[in-house]
1. Quick one: which residues, 5 or more positions from R189 or on another chain, have an amide H under 5 Å from its amide H? H modelled 1.01 Å from N in the peptide plane, none for Pro or chain starts.
2. Provide the per-residue ³J(HN,Hα) series for the stretch 49-58, in order, calculated from phi with Karplus coefficients 6.51, -1.76, 1.60 and θ = phi - 60°, each as a whole number of Hz, with x at glycine and proline positions.
3. K315: which lysines have alpha carbons under 21 Å from its alpha carbon, excluding same-chain residues fewer than 8 sequence positions away?
4. For the stretch 400-414, take each phi angle, set θ = phi - 60°, evaluate the Karplus expression 6.51 cos²θ - 1.76 cosθ + 1.60, and give the result in whole Hz per residue in order, putting x for glycine and proline.
5. Using only alpha carbons, build the gyration tensor for the stretch 95-328 and give me the equivalent ellipsoid semi-axes, biggest first, whole Å.
6. Which of A357, A335, A254 moves most in a GNM of the chain, Cα contacts under 10 Å?
7. Do you know the relative contact order of the stretch 146-257, to the nearest whole percent, from alpha carbon pairs under 8 angstrom that are 6+ apart?
8. In a GNM of the chain with a 10 Å cut-off on Cα contacts, which of A278, A341, A131 has the highest mean-square fluctuation?
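No lab work stands behind these numbers, since they all come straight from the coordinates. Values in this document were obtained by computation on a predicted structure and should not be read as measured data. Virtual Cβ from ideal backbone geometry, glycine too; neighbours counted across all protein chains shown.
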Amino acid sequence: MPRNPAPDVRRSVPRTDAVLADPRLAEDVRTRGRDAVKDAVRVAQQRVRDGEAAPGDVVDLVLASLPPAGTTLRRVLNATGAVLHTNLGRAQLSPAAVEAVVTAAGATDVEMDLATGRRARRGRGAMAALAAAVPAAGGVHVVNNGAAALVLAATALAAGREIVVSRGELVEIGDGFRLPDLLESTGARLREVGTTNRTTLADYAAAVGERTGFVLKVHPSNFVVTGFTAGVQAGELTGLGVPVVVDTGSGLLAPDPLLPEEPDAHSVLVAGADLVTASGDKLLGGPQAGLLLGRAELVERLRRHPLARALRVDKLTLAALEATLRAAANPTVDAVHADPAELRRRCGEVAAALADAGVDARVEPSRAVVGGGGAPGVELASWVVSLPPHLAEALRRGDPAVVGRVEGGRTLLDLRCVPAGADGALVGAVAAAVS
Ligand SMILES: *Cc1c(COP(=O)(O)O)cnc(C)c1O
């Protein structure tokens, strides 16, 4: 690569303004913004200066290098082995959910009955799918995320009143956000009962009174307490004469034998809970959303509360959620249930392709996790492609970006959350990172 190009090469590099004025770039300048295209022009001009491209190729280089959409968000292959990686956006949408989002992106009948031309219940298709997935729920509603679901429940049912909750369930959910603070921000007061490790039915019973808005059970989704412990199941709290609200967290709608400690909405409602809150982008495998399921009149009170309007989900979320609910599988479900033998086979193929490219790649057994603050005690038997440690950063900076984990002096790539169809792209990304 010539470091000091001859003056004639420098002169022959097309000027930025001239390139930006090229009619082939007009649409991109209009829709992506001039600055975004300009950045790509600068990179292309540098390649001409470096002797890597001809001056006449600049516009083609720009067109080829513009990201596929007007977002700075980058496509990432999640090779961390954490299925719901919070920093990588938790659940990956299924192809059907992505298609639904695209359909809903334009004008859509999210709030209109096309047969009559009249206003209809917003997102009724998604609500029907949610109700069908959890027949034990008399009513369903969807808000922005799990935290919003809790805030709506606390505001509508306990503002100015008390929420009775165990001291063992005052959870910090991540990035410094604590559920007790969130709940108190609604004007409800927390009435803490029991201790960190032990809470009994008698503790709850002694605290329930005229000021009680509801009793809250929070699933300790990101930690485990072992040893001398005692807790009370939601079903045991139903005789206290106040609503029982359960924050299940993960968004499982029905039991999953692989995750016996994770509560699911169906079982909790059948046990007698009045209201369940959950996240849409954890184990359900859908878009970010907060699910509210429970007794019809309670859900209706939440739905009609003024705050509900501020927590309303958009049409894209509703579309993705409905598609997720109507299908039996999605990338999250597939990743949690991936067959280790199949993962080992894929790792073998990737490692062999990399060895052909001269990369020191080995296949090793490993452990994956659910992640996203879920199923803290669970380890999923897995396999990884193990690479030299210095590759981690180059992999993150590549396209597609590949995020693995560095452990024991190696960069480990777990294929569990990498779509099988992307193994070739992964091999290409590693080869590019090596060179
Ligand atoms: C994740 C979680 C939340 C917060 O849900 P978001 O969808 O992230 O807002 C609340 N409670 C529990 C138990 C959780 O696991």
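1. G160, R161, E162, I163
2. Whole-Hz 3J(HN,Hα) from phi for the stretch 49-58: 4, 7, x, 8, 8, 8, x, x, 8, 4.
3. Candidates past the 8-residue exclusion: K282.
4. x, 5, 10, 10, x, 9, 9, 8, x, x, 9, 8, 9, 10, 9
5. 31, 19, 15
6. A357
7. Reported as a whole number, the value is 28 percent.
8. A341
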